[in-house]
Amino acid sequence: MKSLRFALLAAPALFFTASPLVAQHKPISPQATINETINGDQITIVYSRPYTKHPETGEVRKIWGGLVPYSKVWRTGANEATLFTTQQPIDIGGTTIPAGTYSLFTIPEENGGKLIINKETGQWGTKYDEKQDLARVEMKKAPLEKPVDQFAIAIDKGDGGGGVLKLMWEDAQYSVPFTVKK
């Protein structure tokens, strides 16, 4: 009976001692959230950020045209599908995107690519239903001044009440401008 009582009393102490060790585990592709206000519109992007280096071996991987093949749908990050939320309608690539939350996918190409805005949300990033596409818009590809080890998405303020959505990784940046509709 004493050993059972000791075990019950010791268990919480063991848990609280070990929990900082568990908390220090670095995720392979940590999640990030971007919040940007463009012309009065709050835009939020939630995505996971994989690294160029292989998580187990540390070997540098070829990203564009390698790990992320050209001409195929890519989940635009890692883990769950990337979420894009706009509180006001936007125009991107000539298509009006109503206020709401969408998943982003990408079809990278050697000299450009397409951004896919998909109506389905909450799915694992490799689950993609083309029938749920709201829009496919052309993206511009440009070289980066210095390599980016961890995939990053940014929204920069642009001209005329809009912004530019940027996807950056390895040695390239894919981008597409948008405007906020009033």
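How many percent of the accessible area of the chain is carbon or sulfur, using a 1.4 Å probe?
Ligands and nucleic acids excluded, carbon and sulfur reach 55 percent.
Working only with C-alpha atoms, what are the Rg and Dmax values of segment 132-173, expressed in angstrom?
12.3, 36
Please work out how much length the chain gains when fully extended from A152 to T57, using 0.36 nm per residue of separation minus the C-alpha to C-alpha distance, in nm with one decimal.
Roughly 32.0 nm would be gained on extension.
Can you give me the pair-distance distribution of segment 100-144, C-alpha pairs, 5 Å bins, whole percents?
In whole percents, the pair-distance histogram is 5, 22, 28, 21, 13, 9, 2.
Looking at the chain as a GNM with Cα springs under 10 Å, which of K141, K131, K62 has the largest mean-square fluctuation?
Among K141, K131, K62, the largest GNM mean-square fluctuation belongs to K131.
Could you pull out the GluC sites (Glu not before Pro) across segment 73-162 that fall in loop regions by DSSP (anything but H, G, I, E, B) with no more than 13 other Cβ atoms inside 10 Å?
Of the GluC sites (Glu not before Pro), the ones in loops of segment 73-162 whose Cβ has at most 13 other Cβ atoms within 10 Å are E110.
Rounded if a/c is under 1.5, else prolate if a/b beats b/c, else oblate: with a ≥ b ≥ c from the C-alpha gyration tensor eigenvalues square-rooted, which is segment 22-109?
oblate
To the nearest 10 degrees, how steep is helix 2-23 against the longest Cα principal axis of the chain, on a 0 to 90 scale?
In the chain, helix 2-23 runs at an angle near 30 degrees to the longest axis.
Kirkwood hydrodynamic radius, segment 72-182, all distinct C-alpha pairs: what's the number in Å?
Result for segment 72-182, one decimal place: 14.3 Å.
Taking the Cα-to-Cβ direction at L67 and at E109 and moving 7 Å from each Cα, how far apart do the two end points lie in nm?
Label-label distance for L67 and E109, simple model: 2.4 nm.
Cut-off 10 angstrom, C-alpha nodes, Gaussian network model of the chain. Which of V148, V164, V60 fluctuates the most?
Between V148, V164, V60, it is V60 that shows the largest mean-square fluctuation.
For T76, list long-range residues whose amide hydrogen, built 1.01 Å from N in the peptide plane, is under 5 Å from its own amide hydrogen.
T106
The values are calculated or read from the model by the stated rules, or taken from the named source; none is laboratory data. Values in this document were obtained by computation on a predicted structure and should not be read as measured data. Quick reminder, even Gly has a Cβ in these numbers, built from the backbone with ideal geometry, and neighbours come from all protein chains shown. Just the protein is used for accessible areas: all its heavy atoms, side chains included, with ligands, DNA and RNA removed. Shrake-Rupley method; radii C 1.70, N 1.55, O 1.52, S 1.80 Å.
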